[in-house]
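A quick write-up on the structure given underneath.
The values are calculated or read from the model by the stated rules, or taken from the named source; none is laboratory data. Keep in mind that this is a model prediction, so the values were computed, not measured. Reconstructed Cβ throughout: ideal geometry from the backbone, glycine too, with neighbour counts over all protein chains shown.
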Amino acid sequence: MSQETADIDCSEFQKRERTMQDIIVNINQAKGVQEKARFAQGVQREAGELLSCKGYDSKKLDCKNCHFIANLRKKAVGLIIRAKKLV
C-alpha cells in the first residue's frame, strides 16, 4: 500500500511524518481499542513535537501546512484515545 506524504520542505516534518505514517499503519492493524490507543499516543507525541517546533515561522506556508496537518493528526488520534476510556 503506497501512501503519499505532504510536500512540505522541512526535514523535521518529513522525519516525523514518516514516523507518524508507520504508527498509523500499526493503528489500522491493531485489533482492540486499547492497542489502537497505545499506538495513537505515539502519533500524538510526534504531532506535539511538530506543533512545538522552534523553527516555526508563521509567514512560511510550509510551517502553516505542517501545523495544520499536525493539528488534524492530533485531533484524530485524540478520538481513539478518548474511545479507550469508554471501553
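Looking at SER11 and the list (1) touching a residue at least 24 places away in the same chain (Cβ under 8 Å); (2) more than 14 Å from the chain's Cα centre (by Cα), which single condition is not satisfied? Here SER11 clears every test but (1). Evaluating ILE23 against the criteria (1) of a type in the set (A, V, I, L, M); (2) in contact (Cβ under 8 Å) with a residue 40 or more places away in the chain; (3) in contact with a helix residue (DSSP H, G or I) (Cβ under 6 Å, 6 or more places away or on another chain) leaves one unmet condition, (2).
Remark: GLY42 falls outside the filter, which requires a residue to be modelled with pLDDT under 95, within 18 Å of ILE80 (Cβ to Cβ) and either surrounded by 13 or more Cβ atoms within 10 Å (Cβ to Cβ) or not hydrophobic (A, V, I, L, M, F, W, C) (or both).
Looking only at residues that are polar (S, T, N, Q) and not in a helix (DSSP H, G or I) in region 33-87, which one is nearest to the chain's Cα centre (by Cα)?
Going through region 33-87, the residues polar (S, T, N, Q) turn out to be 34, 41, 44, 52, 58, 65, 71.
Subsequent filtering for residues that are not in a helix (DSSP H, G or I) retains 52, 58.
Values: SER52: 13, SER58: 20 Å.
The extreme case among them is SER52.
Number of residues in region 11-32 that are crowded, with 16+ Cβ neighbours inside 10 Å and either in contact with a Leu (Cβ under 8 Å, 6 or more places away or on another chain) or outside any helix (DSSP H, G or I) (or both): the value is 3.
Restricting to region 65-82, and then to whatever is exposed (fewer than 14 other Cβ atoms within 10 Å of the Cβ) and not aromatic (Phe, Trp, Tyr), can you tell me which residue is farthest from ASP9 (Cα to Cα)?
Kept after step one, since they are exposed (fewer than 14 other Cβ atoms within 10 Å of the Cβ), are these residues of region 65-82: 68, 71-72, 75, 79, 82.
Of the ones still in play, those that are also not aromatic (Phe, Trp, Tyr) are 71-72, 75, 79, 82.
Details: ASN71: 18, LEU72: 19, LYS75: 23, LEU79: 29, ARG82: 33 Å.
Looking at the filtered set, the residue picked out is ARG82.
Inside region 26-57, residues that are under 15 Å from LYS75 (Cβ atoms) and either without any contact (Cβ under 8 Å) to a residue 24 or more places away in the chain or in contact with an Asp or Glu (Cβ under 9 Å, 6 or more places away or on another chain) (or both) make up a count of 5.
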